[in-house]
Amino acid sequence: MRTLSIGDRLIGEGEPAFIIAEAGINHQGDEQIALRLIEVAAAAGADAVKFQKRTVSRILTRAGLEMPYVNPNSFGPTYGEHKRALEFDLDTFRRLQRRAHELGLIFLASAWDEESVDQLEAINVPAHKAASAEVTNTPLLEHMARTGKPLLLSTGMSTLEEVDRAVASVRRHHDQLVLLQCTSTYPSDFEAINLRVINLYRQRYGLLVGYSGHERGIALGPVAVALGACVVERHFTLDRTMKGSDHAASLEPAGLEKLVRDIRATEQALGDGVKRMIEGEWPVRRKLAKSVVSAVDLPAGTILARHHLTTKGPGIGLPASDIERLLGGRVTRDVPADTVLQTGDVALDAS
């Protein structure tokens, strides 16, 4: 696959990287914070802003929901109450989507269950995103794929064989799949990130590939793009010291802006792979490159030997690489010592 479309954006070979600003649940359950995050994503130049959608009763057993969850990042005394505190209803999602569209952003969300997929379909998201936790959740992946919309799949905390099965399950319905290399630790240590998997995925599946990062800093997004990632997703927040488990692995507004800047600079720098000299290099070449220069006075008719010639700047005459070719040639005019030789100063028909 070379390209696919998400909304009005073409993604893939020859196209700019699709940069997803992952707000996730860093909104603290507060719509105003969520709206501010959307504004930050737009100001940074991201292509899309993404949240998360769960039907809390569907993602865990009753025992899991009733499990005590008392820690500095908790928004409720049990895990279920904590998760419910961070969920927005569909009307709120509609308002967030409207604001994203006003600012030129594509609005996306990771759905964690089939009901949430259906709700996102109700607001007509242009693509679906499956979190790393869903790589082995074949029913959910197939439910997403049956919508016929592009599917972005993070592949943290999974084996290659599990990714094989996930890809096969989506391909039973369509081929509009982007695999995101991901390491599901928060934040991720650099030695655990393994960006070379991007190339493995491209070769193994023939799919578009991207990177979903949880590391500190902004260095790896541009590297991922240089390795062939056509999608880059990063968590971001208003303040990394805010309450919540995802903030530590998130970029603050200035960091998100710099990430987008550096990815775009990397894309420009990658070029088309055709080696050529650009117009701006000619003045530098004329100043710094070496020419063939007469080492001694050369009367007209001199048959050139190696001791007659040297190489010096400026690079305004016969290039230094021609020196061996000129040996045995006949000087056509009187050439003083320390003169840059020009085309026509040497005839190569000395015989």
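From the largest down, the chain spans 100, 42, 37 angstrom on the principal axes of its Cα atoms. Place a label point 7 angstrom from the Cα of Leu35 along the Cα-to-Cβ direction, then list the residues of region 215-242 whose backbone nitrogen is under 17 Å away. Under cut-off, by backbone N: 238.
At an R0 of 22 angstrom, the distance between the Cβ atoms of Asn124 and Ala254 translates into a FRET efficiency of 0.10. If the segment from His307 to Arg264 were pulled out straight at 0.36 nm per residue, it would be longer than the present Cα-Cα gap by 10.3 nm. Across Gly315, Gly228, Gly14, mean-square fluctuation computed from a Gaussian network of the chain (C-alpha pairs under 10 Å connected) peaks at Gly315. Taking all protein chains together and rolling a 1.4 Å probe, Val163 ends up with roughly 0 Å² accessible.
Over region 1-137, accessible surface divided per residue gives 42 Å², non-protein components excluded, 1.4 Å probe.
Within the straight-line cut-off of under 20 Å between alpha carbons, the aspartates and glutamates reachable from Lys243 are Glu22, Asp30, Glu31, Glu81, Glu87, Glu215, Glu252, sequence neighbours fewer than 8 places apart in one chain being disregarded. Region 214-351 has equivalent-ellipsoid semi-axes of 61, 13, 11 Å, by the square roots of 5 times the alpha carbon gyration tensor eigenvalues, sorted largest first. Between Thr185 and Thr136, the FRET efficiency from the beta-carbon distance, with R0 = 22 Å, is close to 0.75.
Estimated from the Cβ-Cβ distance and a Förster radius of 30 angstrom, the FRET efficiency linking Ala219 and Arg95 is about 0.30.
Counting only protein heavy atoms and a 1.4 Å probe, tell me what percentage of region 217-256's accessible area is made up of carbon and sulfur. Within region 217-256, the accessible surface is 61 percent carbon and sulfur. Pairs over the 29 Å Cα-Cα cut-off, from the set Lys83/Lys129; Lys258/Lys290; Lys258/Lys287: Lys258/Lys290; Lys258/Lys287. A Gaussian network model of the chain, with springs between Cα atoms under 10 Å, assigns the largest mean-square fluctuation among Met277, Met144, Met242 to Met277.
Which of Leu227, Leu180, Leu318 moves most in a GNM of the chain, Cα contacts under 10 Å? Between Leu227, Leu180, Leu318, it is Leu318 that shows the largest mean-square fluctuation.
The values are calculated or read from the model by the stated rules, or taken from the named source; none is laboratory data. Keep in mind the model is a prediction, meaning the values are calculated, not measured. Note that each Cβ is placed from the backbone with ideal geometry, even for glycine, and that neighbours are counted across all protein chains shown. Please note that ligands, DNA and RNA were not included when accessible areas were found on the heavy atoms of the full protein model with its side chains. Shrake-Rupley method; radii C 1.70, N 1.55, O 1.52, S 1.80 Å.
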